[in-house]
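These notes are about the structure you will find just below.
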2 protein chains.
Amino acid sequence: MACEKVFAEQLRKRGLRMTPQREMVLSALHRVDRFATAEELYERVQRTSAAVDLSTVYRTLDLLREFGMVAAIEVGDRQTRYELLGVHGPHLHLACQGCGRIMGISLKAADPLLDKLLAGYGFEAQLEDVTIPGLCAECRARGAEPAHD
Amino acid sequence: MACEKVFAEQLRKRGLRMTPQREMVLSALHRVDRFATAEELYERVQRTSAAVDLSTVYRTLDLLREFGMVAAIEVGDRQTRYELLGVHGPHLHLACQGCGRIMGISLKAADPLLDKLLAGYGFEAQLEDVTIPGLCAECRARGAEPAHD
DNA sequence: CTAAATGCAAATATTTTGCAGGTTA
DNA sequence: TAACCTGCAAAATATTTGCATTTAG
């Protein structure tokens, strides 16, 4: 996956430019463990260059989102999390309220729901960035309560 | 619907108190058109008494949420919206990205998905407060683009 | 009377923006 | 070299909290 290539290509297409900062953010997205907050990515980028600003991270994430290379998802808390959409493309997210883990699964599972919403309500759902809260198998086994807050 | 009764009851159960402010917030939730932000509720409450503070609105909404009388849902934007859970109880929310409208529909539609998640991933989904983005029939007919932001 | 609730103001947290100066193509 | 990008600082937004005072029960 020449992500950098794709990014550079998309940038050029719009008359925008590739910069070291933008490379670093993309690279951080690769190294980070799947879902990261802007702050986490910022910290990671800083290890490479302390001069990069948080606002630049946000601006780059916005671009990557526009290009469809990154998904922005919201778990319960206030922070947005970012995920690199690699070979797998968009998917559905399951967020365990017990342990905080997030799983990405195929959109296929939601096809019946999708059809039902379209047939019954004329509603064309976009489940790509939807995050479904709940409890994962382990937490259920542990008898964990769904954290309300 | 003796919502006030239920509220008062729940409060008493925990040694908390009914106050005019809390009544006003609950009342505002009734009058407001289904989904309201804290700010909207605040404005409405202020028409009755200008002395009520926004923080009190938030505190009351938190209580109502704990009591399961109110659902807090997140549409794309940063603001949380609150909805009174009346006779119908919890449901699934469809948020049109074209016109901003929010529909509440029965959780039934998602039963197959629920089963699939449980069977396939051991994940017990809680769809009560989930908001699904997409396009409603009207907006699709108008050929509206799903607003990315 | 006393624990709980309120208003106020200030703190937090996250994200966005304006701008002067540096940089990329 | 000209449009773009960056860092910095400050603004904007949404929500939460500490505290002195008031109030419900």
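The values are calculated or read from the model by the stated rules, or taken from the named source; none is laboratory data. All of these numbers come straight from a predicted model, not from anything done at the bench. All Cβ positions, even for glycine, are placed from backbone atoms using ideal geometry, and neighbour counts span all protein chains on display.
So is B:Gly98 under 25 Å from B:Arg12 (Cβ atoms) and away from DNA strand D (no atom under 16 Å from the Cβ) or not?
On the way: under 25 Å from B:Arg12 (Cβ atoms): no; away from DNA strand D (no atom under 16 Å from the Cβ): yes.
No: the conditions fail for B:Gly98.
Taking A:Ala51, is it more than 30 Å from B:Ile132 (Cβ to Cβ), within 9 Å of DNA strand C (Cβ to nearest atom) and without any contact (Cβ under 8 Å) to a residue 12 or more places away in the chain?
Working: more than 30 Å from B:Ile132 (Cβ to Cβ): yes; within 9 Å of DNA strand C (Cβ to nearest atom): no; without any contact (Cβ under 8 Å) to a residue 12 or more places away in the chain: yes.
Taking the combined requirement at face value, the residue does not satisfy it.
Among the residues of the stretch B:135-149, which ones are at pLDDT below 90 and either within 16 Å of DNA strand D (Cβ to nearest atom) or under 19 Å from A:Gly122 (Cα atoms) (or both)?
B:Arg142, B:Gly143, B:Ala144, B:Glu145, B:Pro146, B:Ala147, B:Asp149, listed by residue number.
Give me the residue from the stretch B:48-71 that is touching a Phe, Trp or Tyr at 6+ places or on another chain (Cβ under 6 Å) and within 13 Å of another protein chain (Cβ to nearest Cβ) and, out of that set, farthest from DNA strand D (Cβ to nearest atom). Outline the logic, then answer.
Start the filter on the stretch B:48-71 by keeping residues that are touching a Phe, Trp or Tyr at 6+ places or on another chain (Cβ under 6 Å), which leaves B:54, B:57, B:61, B:70.
Going one step further and asking which of them are within 13 Å of another protein chain (Cβ to nearest Cβ), we end up with B:61, B:70.
Details: B:Leu61: 8, B:Val70: 13 Å.
Here the answer is B:Val70.
Take the conditions within 14 Å of DNA strand D (Cβ to nearest atom), within 30 Å of B:Ala125 (Cβ to Cβ), surrounded by 14 or more Cβ atoms within 10 Å (Cβ to Cβ) and within 14 Å of chain B (Cβ to nearest Cβ) and apply them to A:Leu118. Does it pass?
Considered against the rule, which asks whether it is within 14 Å of DNA strand D (Cβ to nearest atom), within 30 Å of B:Ala125 (Cβ to Cβ), surrounded by 14 or more Cβ atoms within 10 Å (Cβ to Cβ) and within 14 Å of chain B (Cβ to nearest Cβ), A:Leu118 comes out as no.
When the residues of the stretch B:5-33 are narrowed to those that are under 11 Å from B:Leu64 (Cβ atoms) and either in contact (Cβ under 8 Å) with a residue 60 or more places away in the chain or within 9 Å of DNA strand C (Cβ to nearest atom) (or both), which ends up surrounded by the most Cβ atoms within 10 Å (Cβ to Cβ)?
B:Val25
Select from the stretch A:37-50 the residues that are hydroxyl-bearing (Ser, Thr, Tyr) and outside any helix (DSSP H, G or I) and list them in ascending order. Walk me through how you get there before you give the answer.
Applying the first criterion (hydroxyl-bearing (Ser, Thr, Tyr)) to the stretch A:37-50 yields A:37, A:42, A:48-49.
A:Thr37, A:Ser49 - these are the residues of the stretch A:37-50 that are hydroxyl-bearing (Ser, Thr, Tyr) and outside any helix (DSSP H, G or I).
Could you list all residues from the stretch B:77-95 that are more than 9 Å from chain A (Cβ to nearest Cβ), buried (at least 17 other Cβ atoms within 10 Å of the Cβ) and farther than 30 Å from B:Arg14 by Cα?
Selection gives B:His93, B:Ala95.
Might you let me know whether the stretch B:89-105 holds any residue that is in contact with a strand residue (DSSP E or B) (Cβ under 9 Å, 6 or more places away or on another chain), under 18 Å from B:Cys3 (Cα atoms) and modelled with pLDDT under 90?
Checked against the condition, which is being in contact with a strand residue (DSSP E or B) (Cβ under 9 Å, 6 or more places away or on another chain), under 18 Å from B:Cys3 (Cα atoms) and modelled with pLDDT under 90, the stretch B:89-105 yields at least one hit.
If you go through the stretch A:104-115, how many residues are out of contact with any helix residue (DSSP H, G or I) (no Cβ under 7 Å at 6 or more places or on another chain) and either within 7 Å of chain B (Cβ to nearest Cβ) or within 16 Å of A:Glu74 (Cα to Cα) (or both)?
1
Yes or no: the stretch A:54-67 includes at least one residue that is under 15 Å from the mean Cα position of the chain (by Cα) and closer than 18 Å to B:Leu94 by Cβ.
No: the stretch A:54-67 contains no residue that is under 15 Å from the mean Cα position of the chain (by Cα) and closer than 18 Å to B:Leu94 by Cβ.
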